[in-house]
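Please read the structure below before turning to the comments.
Just so it is clear, none of the values below were taken in a lab; they were calculated from the coordinates. Worth saying up front: this structure is predicted, and the values here are computed from it rather than measured. Note that we place each Cβ from the backbone using ideal geometry, even for glycine, and neighbour counts take in every protein chain shown.
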Amino acid sequence: MEALLTSSALVALAEMGDKTQLLAMLLATRFRKPVPIIMGILVATLANHFLAALVGHSIAGILTQPWFRYAVAFSFIAMAAWTLIPDTFDEDEPLKAPSKAGVFVTTLVAFFLVEMGDKTQVATIALGARFDNLLAVTAGTTLGMMVANIPAVLFGEALAKKVPMRALQVGAALLFLALGLWMIADLAGWIG
């Protein structure tokens, strides 16, 4: 349960103001078809985050040395800093559904590709390395993405004007920092 809840909370907060959330808003305003957009985001996130959690889980299983655990802890601290850097997305860039692909396929492909190397994907790798529960991490990070992106799709422009994205980014950064520091303290034996 810890893996699910931690993964959900960290990714939901990290997603606030992230380029994939901006993409979700852009897709919603351009296509105005929320159901296929939401389903495309869900399928893309499940695939992307399962692979990311699998990578993290596989690396953690192979590299059980203390230095690797410290590296994971420091990656959470780096994520805290990265979360404070706001993402941008070029809204003027043309976005059209390919002639033979619908809104669902366009969303699926765009969201999967934009998520590659994104801070939420990197966080999923770190969470997969941290927790020994691949399915809980995948479910948690996917839930976090959906919690952040469904309102973005449904309420897009109005939400962007009312929600203080900077405060959410700072909150996410503090959570990543706390998790990283907690891991370091635990590894150093300061937590008994």
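How far apart, in nm, are the 7 Å Cα→Cβ label points at Trp67 and Ala167?
Result for the modelled spin labels: 4.4 nm.
Using a basic spin-label model with each label point 7 Å from the Cα along Cα→Cβ, how many nm lie between Leu187 and Leu174?
2.5 nm
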